Amino acid sequence: GERVSVEKLPFIILRYDQGKVTQTFCLISLLPSLLCRPKTSPSKNPFMPEQQLSGLCREKRVFYRYISGLHASINVHLSAVYLKPGFASVWGPNEEEFARRFHPAHTDGQGPIWLKNLYFTFLLVLRAITKADSLLLKEQFYTGDSVEDALVQTKVAELLNLTQSCPSTFDESTLFTGPDAPRLKEEIKAHFKNISLIMDCVGCDRCRLWGKIQVQGLGTALKILFSDQGPKWRTTPFLKRTEIVALFNAFGRLTSSIKALELFGKRPS
């Protein structure tokens, strides 16, 4: 197999506190992750080269692109908010790092496909938020701060109003329709659990928290789109508070990573 390089990966931690955004930098060693060995199965590994997808069913191809989009989003953030070499606290876009992660010459031609998958993941989560609009509009978003609560509800209403003007670019009704649908759903749930277990091995507590929130957010979007409860979930308690928080956090990260592509001259085509 391919040689695994045990190196330290940079992670950017953004923190919002009393109206101010601060950021810190930490290095994550892959060695603890390799030693942790969560209870995962190689056969459930969702990451594979693009050329190996042709033999998979449509549901599994969608799942691969979905997770690939998350991976691309993380890599865009790492390239856009990068610690400048030779400086202690100067951050900014790093075009060389972006090229290393996405240029066709450095990725066996896969980089542009990964960026397309980022847009795909964004559109799928956007579709989920749009579908759950009636439920989200009823959410109180209680935090204990009445001013913040009112602001969040206003912003959520504005977002949902905007989503209604967007053309639907993802039709979930075409998936999970065959006799294997229950088995495929359980398999994909197992994949998400697998990824979440991998996140448990990240040494940095804050990085692990961000990773698990984003994975849960993507899982929540799939829950909205492919729930077995049918239309009745729109009028009954369906999402946990933590799932709603994770959904909006994941959507926010995808949105900011797409916005960050402008720093590198990349725009939707």
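Quick notes on this one:
- FRET E, pair residue 177, residue 208, Förster distance 51 Å, beta-carbon r, rounded to 0.05: 0.90
- Accessible surface of residue 82, taken over heavy atoms with a 1.4 Å probe and every protein chain present, rounds to 60 Å².
- Label sites at residue 164 and residue 259, each approximated as a point 7 angstrom past Cα along Cα to Cβ, lie 2.4 nm apart.
- Restricted to Cα atoms, region 121-173 shows a radius of gyration and a Dmax of 12.6, 40 angstrom.
- Annotation: peptides 92-98, 141-147, 159-165, ranked by per-residue average of other Cβ atoms within 10 Å with the highest first, follow the order 92-98, 159-165, 141-147.
- Here region 59-178 is treated with +1 on each Lys and Arg Cβ and -1 on each Asp and Glu Cβ, and its dipole about the Cα centre works out to around 400 debye.
- Ordered by solvent-accessible area of protein heavy atoms (1.4 Å probe), largest first, the residues 204, 57 come out as 57, 204.
- Working from label points 7 Å from Cα in the Cα-to-Cβ sense, the residue 245 to residue 196 distance is 1.5 nm.
- Checking the cross-link pairs 60/212; 60/240; 155/240; 60/138 against a 24 Å limit on the alpha carbon distance flags 60/240; 60/138 as lying beyond it.
- Computed over region 102-248, the quotient of the alpha carbon radius of gyration and 2.2 N^0.38 Å is 1.18.
- Candidate residues 73, 89: accessible-area rank, largest first, probe 1.4 Å: 89, 73
- Sorting the segments 177-183, 152-158, 197-203 by their mean number of nearby beta carbons within 10 angstrom, highest to lowest, gives 197-203, 152-158, 177-183.
- Most to least packed among 252-258, 104-110 [average Cβ atoms within 10 Å]: 252-258, 104-110
The values are calculated or read from the model by the stated rules, or taken from the named source; none is laboratory data. All figures in this text were calculated on a predicted structure; none of them were measured in a lab. Glycine also receives a Cβ, built like all others from the backbone with ideal geometry; neighbour counts cover every protein chain displayed. Remember, those area values only see protein heavy atoms, side chains included, never the ligands or the DNA or RNA. Shrake-Rupley method; radii C 1.70, N 1.55, O 1.52, S 1.80 Å.
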